[in-house]
Amino acid sequence: MLNIKHIKYFNKILPKNFVFSEPGDCWAYGYDNSKIHVLPECVLFANNKNQIQDIVKYCFENNIPITTRGRGTGNTGGSVPIGNSIVLSLEKMDKILKVDIDNRLSIVEPGVINKVLQDILKKQNFFWGPDPSSQEYSTIGGNIANNSAGPRAIKYGTPRDNILGLEFISGKGEIHKTGVKTSKGVVGLDLTRLFTGSEGVLGILTEATLKILPLNNIVKTIEITFENVENASDTIISLMTQPITPYKLEFIDNESIKLINTIKKNHYDKNCNSAVLLEIDGENEYIDIMLEKIIKVIKKNKYKKVTVAGNKQNIEELWSARKSLSPALREIGGYKINEDIAVPISNLTILLTNLNRLSEKYAIKIVNFGHAGNGNIHVNLLFKSDEEKKSENSKKCLEEIFDLVLSLDGTLSGEHGVGIIKKKFITKEIDKKTLSLMNDIKKQFDPNNIMNPNKTI
């Protein structure tokens, strides 16, 4: 427990109103989208790296755990302050320090909202690759912490693929810089990629040098419907093995279609079992040629209907069906388990078929959709009550889902991280010797285990 001495110190080194110690003030900083809620010991804000360094050094000396937080959009409890932890919010570190078009890079603080950066880059006809569905609210620091991407990752990669270098403060309060400001660099170990996706257990991000790319002017959107999952999976594989890499490639299963039709008034035909939403991007003089080639690939497979949209209004209309899924899930009820798994795309049919089998076996409605080009499927288990959600039946079903995913050479988390929720399952994917090695690495960065303890590894 924090005592008055610690609070006095934080008030001394931080500006006025940068320290919250009253429970009512701290309450909103104790949860994320996982719905796990733990009241923080206190909440600290910082607007520069010197303040962060002072906080970490003090916490290191006094063995005070720190949970770093962006905007709390994570799904696995990574920013929930368990174990008498204080919360360090980085939301005030929101400066875009540099946009260098010539060298294709941007330097930002961790509290910058993804969409804010994208809007600024767009004015110069550039973008940063990662586009998580939470981009209007999530921070760049949070995206990096969880290696969170989105539909665009199929072509433009995850944060690990789009970061040149980082600046962070270790658990000892030391400032470290990693990486380069060039597209090539092999000096030393790649600590940039190690830090990315570490969910705050190695240190606190203070600055990121991002790789940015020119924005293609034209986008074409294609919606394909199918009578069965097998045909959808075959088409996805065909699309991913031809030369034109899709900009986005999304899958929607039968239960998703039923939900969409309740919101969008029969957007899909009654006998439609699944759908794929595909986008390509390019320059005006090439886009129609690309579209023609993509259509040829699609037509070599079994499908029901192909719809092409080229103008903004028609594109938005097609995407509105996919975007209506989350509201539809909320309408059904707030009791759900939202898993984020990934398998090689050649195993998608087996995955989806067996998810339907598990749905029947445990009498749990399971809705599947996601980034099919990466084999990244969001598996939603829906329940009528919180008791049903927490039942042994649901636990057994989830366990079988994870075992299924791993048997198909998949991973338990595609882009949402591990946090609290998935930590108990991590030994299913990572053997004990390798996990021990990871913990040894953490000790080098964080010898007193104050950086987001009891999470991730």
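For the reader, a short list of remarks on this structure follows.
- Qualifying positions in the stretch 51-76 - aliphatic (A, V, I, L, M) and surrounded by 23 or more Cβ atoms within 10 Å (Cβ to Cβ): ILE52, ILE55, VAL56, ILE66
- Pick from the stretch 1-56, criterion within 15 Å of THR68 (Cα to Cα) and among the acidic types (Asp, Glu), ranking: nearest to the chain's Cα centre (by Cα): ASP32
- Hits in the stretch 252-291 (condition: of a type in the set (Ser, Thr, Tyr) and either surrounded by 18 or more Cβ atoms within 10 Å (Cβ to Cβ) or at pLDDT 90 or above (or both)): SER256, TYR268, SER274, TYR286
- Members of the stretch 221-276 found to be over 17 Å from GLU317 (Cβ atoms), in contact (Cβ under 8 Å) with a residue 12 or more places away in the chain and of a type in the set (D, E, K, R), listed by number: GLU227, GLU230, ASP234, ASP253, GLU255
- Residue match in the stretch 120-133 (condition: of a type outside the set (Asp, Glu) and at pLDDT below 95): yes
- Tally, over the stretch 12-26, of residues that are over 14 Å from ILE86 (Cα atoms) and surrounded by 15 or more Cβ atoms within 10 Å (Cβ to Cβ): 2
- From the options SER106, SER138, SER79, residue that is in contact with a Lys or Arg (Cβ under 7 Å, 6 or more places away or on another chain), hydroxyl-bearing (Ser, Thr, Tyr), more than 17 Å from ASP32 (Cβ to Cβ) and surrounded by 20 or more Cβ atoms within 10 Å (Cβ to Cβ): SER106
- Any hit, the stretch 360-378, residues being over 19 Å from the mean Cα position of the chain (by Cα) and at pLDDT below 85: no
- Those residues of the stretch 209-230 which are out of contact with any Ser or Thr (no Cβ under 8 Å at 6 or more places or on another chain) and farther than 30 Å from GLN124 by Cα, in sequence order: GLU227
- Members of the stretch 117-144 that are in contact with a strand residue (DSSP E or B) (Cβ under 8 Å, 6 or more places away or on another chain) and of a type outside the set (S, T, N, Q): LEU117, ILE120, LEU121, PHE126, PHE127, TRP128, GLY129, GLU136, TYR137, ILE140, GLY141, ILE144
- Any chance ASN338 is surrounded by fewer than 14 Cβ atoms within 10 Å (Cβ to Cβ) and either within 26 Å of SER34 (Cβ to Cβ) or touching a strand residue (DSSP E or B) at 6+ places or on another chain (Cβ under 7 Å) (or both): no
- Any strands (runs of 3 or more DSSP E) falling wholly within the stretch 1-113 and containing at least 3 residues that are under 30 Å from ASN380 (Cα atoms) and at pLDDT 95 or above: 66-69
- Residue in the stretch 374-392 that is in a helix (DSSP H, G or I) and either touching an Asp or Glu at 6+ places or on another chain (Cβ under 6 Å) or hydroxyl-bearing (Ser, Thr, Tyr) (or both) present: no
- The selection criterion, being within 20 Å of ILE257 (Cβ to Cβ) and among the basic types (Lys, Arg), does not hold for LYS312.
- Contacts under 9 angstrom Cβ, first residue in the stretch 47-71 being on the phi > 0 side of the Ramachandran plot, partner modelled with pLDDT of 95 or more, 6 or more apart: ASN63/ASN448; ASN63/ASN449; ASN63/ILE450
The values are calculated or read from the model by the stated rules, or taken from the named source; none is laboratory data. This one's a predicted model, so the numbers in the text were calculated from it and none came from an experiment. Glycine also receives a Cβ, built like all others from the backbone with ideal geometry; neighbour counts cover every protein chain displayed.
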